[in-house]
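Q: Input: one structure, supplied below.
The values are calculated or read from the model by the stated rules, or taken from the named source; none is laboratory data. Everything quoted here is computed from the prediction, not taken from an experiment. Counting neighbours? That spans all protein chains shown, and the Cβs are built from the backbone with ideal geometry, glycine included.
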Ligand SMILES: [Mg+2]
Ligand SMILES: [Zn+2]
């Protein structure tokens, strides 16, 4: 069926995240406007084997949530997180951070500041030998009505296309109900971590809870089917690129 085929976007394709796009639509991100996207270098050509990924919320999940973090010097990983992420990386998982940054839309800080914070995190991880595939962030005010702000799925959907991610073998780890819902609705396995300080909301029954990302990583690696080793990650980016949705 044509719906299974990649679709090249015309130049006038509207990337306004408020515009509804069918979740089943596979989109080749080859004509993105520079206004909204930075160029990424991918190695996920046709026929490339799909790879599993761990989607990670940022604030309250991998770094301390001080509320609208706007200081690159304020990035503080929870204990053992870089090492835990390295374990995932070594097992072949792509690492994708998906974060709501409404502080931009609310006017608390500008987009350059948000990028600087993300880059500080990227560099700290790199020093520990951890390479993020990418960071997707939603800059919008909650009332903007975008589809990227979690629990909207746009950021995950784009990452799945950008990196050829195998959703069946992928997880979403986050500290609030929005993260769990994003993971579930995107067809990923959700894990709630209890490091964050925000409301957990009403969660569906049976959602896996872990105290920390370190515990979540141990759980994930325990769930892998025996005898199915992943390929080496083969990261798609030669450098980390911050993408916005
Ligand atoms: Mg969070
Ligand atoms: Zn958004």
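Q: It is to be established whether one or more residues within the range 189-211 are at pLDDT 95 or above and in a loop (DSSP other than H, G, I, E, B).
A: no
Q: Still on this model: Tell me whether the range 211-219 contains one or more residues that are closer than 19 Å to residue 59 by Cβ, within 16 Å of ligand 2 (Cβ to nearest atom), buried (at least 23 other Cβ atoms within 10 Å of the Cβ) and in contact (Cβ under 8 Å) with a residue 12 or more places away in the chain. Even if it seems obvious, please write down each step before you answer.
A: Kept after step one, since they are closer than 19 Å to residue 59 by Cβ, are these residues of the range 211-219: 211-217.
Then drop every residue that is not within 16 Å of ligand 2 (Cβ to nearest atom), which leaves none.
Among the residues of the range 211-219, not one is closer than 19 Å to residue 59 by Cβ, within 16 Å of ligand 2 (Cβ to nearest atom), buried (at least 23 other Cβ atoms within 10 Å of the Cβ) and in contact (Cβ under 8 Å) with a residue 12 or more places away in the chain, which makes the answer no.
Conditions tested, residue by residue: (1) free of Cβ contacts under 8 Å to residues at least 12 places away in the same chain; (2) touching a strand residue (DSSP E or B) at 6+ places or on another chain (Cβ under 6 Å); (3) away from ligand 1 (no atom under 14 Å from the Cβ); (4) under 15 Å from residue 173 (Cα atoms).
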{"residue": "57", "(1), (2), (3), (4)": "no, yes, no, yes"}
{"residue": "68", "(1), (2), (3), (4)": "no, no, no, no"}
{"residue": "73", "(1), (2), (3), (4)": "no, no, yes, no"}
{"residue": "78", "(1), (2), (3), (4)": "no, no, no, yes"}
{"residue": "82", "(1), (2), (3), (4)": "no, no, yes, yes"}
{"residue": "91", "(1), (2), (3), (4)": "no, no, yes, no"}
{"residue": "99", "(1), (2), (3), (4)": "no, yes, no, yes"}
{"residue": "102", "(1), (2), (3), (4)": "no, no, no, no"}
{"residue": "105", "(1), (2), (3), (4)": "no, no, yes, no"}
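Q: Out of 214, 161, I need the residue that is more than 16 Å from ligand 1 (Cβ to nearest atom) and modelled with pLDDT of 95 or more. Which one?
A: Details: 161 fails: modelled with pLDDT of 95 or more.
Answer to the selection: 214.
Q: What's the number of the condition residue 97 fails, among (1) modelled with pLDDT under 95; (2) within 22 Å of residue 220 (Cα to Cα)?
A: Going through the list (1) modelled with pLDDT under 95; (2) within 22 Å of residue 220 (Cα to Cα), residue 97 breaks only (1).
Q: Residue by residue through the range 113-162, note down the ones that are within 12 Å of ligand 2 (Cβ to nearest atom) and in a loop (DSSP other than H, G, I, E, B). Before you say what the answer is, go through the steps one by one.
A: First, pick out the residues of the range 113-162 that are within 12 Å of ligand 2 (Cβ to nearest atom): 136-155, 158.
Correct list: 139, 140, 141, 145, 146, 147, 148, 149, 150, 151, 152, 153.
Q: Being surrounded by fewer than 18 Cβ atoms within 10 Å (Cβ to Cβ), within 16 Å of ligand 2 (Cβ to nearest atom) and either more than 23 Å from residue 116 (Cβ to Cβ) or touching a residue at least 24 places away in the same chain (Cβ under 8 Å) (or both): is that true of residue 204 here? Before the answer, list the steps.
A: On the way: surrounded by fewer than 18 Cβ atoms within 10 Å (Cβ to Cβ): yes; within 16 Å of ligand 2 (Cβ to nearest atom): no; either more than 23 Å from residue 116 (Cβ to Cβ) or touching a residue at least 24 places away in the same chain (Cβ under 8 Å) (or both): yes.
Considered against the rule, which asks whether it is surrounded by fewer than 18 Cβ atoms within 10 Å (Cβ to Cβ), within 16 Å of ligand 2 (Cβ to nearest atom) and either more than 23 Å from residue 116 (Cβ to Cβ) or touching a residue at least 24 places away in the same chain (Cβ under 8 Å) (or both), residue 204 comes out as no.
Q: Looking at (1) closer than 18 Å to residue 75 by Cβ; (2) crowded, with 19+ Cβ neighbours inside 10 Å; (3) in contact with a helix residue (DSSP H, G or I) (Cβ under 6 Å, 6 or more places away or on another chain), can you tell me which one residue 109 breaks?
A: Condition (2) is where residue 109 drops out.
Q: Another question, if that's okay. Within the range 121-138, track down each residue that is surrounded by fewer than 17 Cβ atoms within 10 Å (Cβ to Cβ) and in contact with a helix residue (DSSP H, G or I) (Cβ under 7 Å, 6 or more places away or on another chain).
A: Of everything in the range 121-138, those that are surrounded by fewer than 17 Cβ atoms within 10 Å (Cβ to Cβ) and in contact with a helix residue (DSSP H, G or I) (Cβ under 7 Å, 6 or more places away or on another chain) turn out to be 128, 129.
Q: For the range 81-112, name all the residues that are under 11 Å from residue 69 (Cβ atoms) and away from ligand 2 (no atom under 15 Å from the Cβ).
A: To start, the set of residues in the range 81-112 that are under 11 Å from residue 69 (Cβ atoms) comprises 99, 101, 103, 108-109.
Passing the criteria: 108, 109.
Q: Could you give every pair whose Cβ atoms fall below 6 Å, whose first residue belongs to the range 134-161 and is over 22 Å from residue 107 (Cβ atoms), and whose second residue is more than 16 Å from ligand 1 (Cβ to nearest atom) and in a loop (DSSP other than H, G, I, E, B), counting only separations of at least 6 or pairs across chains?
A: Within 6 Å, the pairs are 153/186; 154/17; 154/147; 154/245; 156/186.
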